[in-house]
Every structure is written in C-alpha cells, then in structure tokens.
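The values are calculated or read from the model by the stated rules, or taken from the named source; none is laboratory data. Since the model is a prediction, treat every value here as computed from it, not as a measurement. All Cβ positions, even for glycine, are placed from backbone atoms using ideal geometry, and neighbour counts span all protein chains on display.
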C-alpha cells in the first residue's frame, strides 16, 4: 500500500474529487484512490478476470466506486460522471482526475482521442452552458 499510496499522491489532492481509473486490474491503485478521499471513483476495466473482485470492492465502498466492464478506447466518458461537475470552457476545470497503469499500446491512442475531443469540444469535453 505504501507504494500505491505514493503513486496516487502524484495525482494531486483527491479529497472530494471525481476520479477515473483506467485499467484498475485487481484494484491496488483503486484502494489507494479511495483512501485518498475521492468522492466518486469510476473504474474502467477490460479484462474479465478482474471484474468480480472490483465489484466486491464496489460493494465495500457504496456510492463511491462504480465499475465499468469495457474498453476505455470505446467507452463513453461523457456519460461517466454527473452533469453537476460540467463547467464552461472559460471556467476553471472540474475536480476530475484520470489515473491509470496502462499497457504501452493504450496511452497514445487514448490521448490522441481525447485531444481530438478537446479540439472539437465533444465527448467528455462538451461545452457546458451557463444557467
């Protein structure tokens, strides 16, 4: 836990933050993210072998941990978090962190996809309207 706590600490303060963990596997970082005080943790895991254990962890952290069984490259991240954290482009960014221990084949296409979404203001980067 000391090592995973140190890794999670590098993401900044997670107290009351919304967090997406990509590829949680058996949940080592997941435990540390929850211990760091995240208000809402969405984990996206592709590998069937880890879903049962992650669901058990979710039951132990009700209303804090949600498990999505799927591929982060095709997941609809715009549906992953409550609308209340959406902000206008001119505002400060929401308290949202993305953490992952990814295989080498995933980060580059994921970052390219998100940069395209940012440029087009689509997906999880849709322009928020003001009330």
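Do we find that residue 38 is under 14 Å from the mean Cα position of the chain (by Cα), surrounded by 16 or more Cβ atoms within 10 Å (Cβ to Cβ) and touching a residue at least 60 places away in the same chain (Cβ under 8 Å) in this structure?
Criteria not met by residue 38.
Take residue 97 and tell me if it is out of contact with any helix residue (DSSP H, G or I) (no Cβ under 6 Å at 6 or more places or on another chain) and modelled with pLDDT of 85 or more.
For residue 97, the condition - out of contact with any helix residue (DSSP H, G or I) (no Cβ under 6 Å at 6 or more places or on another chain) and modelled with pLDDT of 85 or more - is met.
Sort out which residues of the stretch 94-112 are under 19 Å from residue 19 (Cβ atoms) and outside any loop (DSSP other than H, G, I, E, B), and write them in order of number. Show your work before the answer.
From the stretch 94-112, those under 19 Å from residue 19 (Cβ atoms) are 94-102, 106-107, 110-111; that's our starting set.
Listed by number, the residues that qualify are 96, 97, 98, 99, 100, 107, 110, 111.
Residue-wise test of (1) closer than 20 Å to residue 110 by Cα; (2) in a strand (DSSP E or B).
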| position | (1), (2) |
| --- | --- |
| 5 | no, no |
| 41 | yes, yes |
| 44 | yes, yes |
| 54 | no, no |
| 57 | no, no |
| 66 | no, yes |
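Please enumerate the residues belonging to the stretch 5-22 that are over 16 Å from residue 85 (Cβ atoms) and touching a helix residue (DSSP H, G or I) at 6+ places or on another chain (Cβ under 9 Å).
Within the stretch 5-22, 5, 6, 7, 8, 9, 11, 21, 22 meet the criteria.
I'd like the residue in the stretch 74-88 that is assigned to a loop (DSSP other than H, G, I, E, B) and under 13 Å from the mean Cα position of the chain (by Cα) and, out of all such residues, is surrounded by the fewest Cβ atoms within 10 Å (Cβ to Cβ). Before the answer, list the steps.
Start the filter on the stretch 74-88 by keeping residues that are assigned to a loop (DSSP other than H, G, I, E, B), which leaves 74-76, 80-82, 86-88.
Going one step further and asking which of them are under 13 Å from the mean Cα position of the chain (by Cα), we end up with 75-76, 80-82.
Numbers: 75: 19, 76: 10, 80: 16, 81: 18, 82: 8.
My answer is 82.
Can you confirm whether residue 54 is closer than 24 Å to residue 35 by Cα and touching a helix residue (DSSP H, G or I) at 6+ places or on another chain (Cβ under 8 Å)?
Against the criterion (closer than 24 Å to residue 35 by Cα and touching a helix residue (DSSP H, G or I) at 6+ places or on another chain (Cβ under 8 Å)), residue 54 qualifies.
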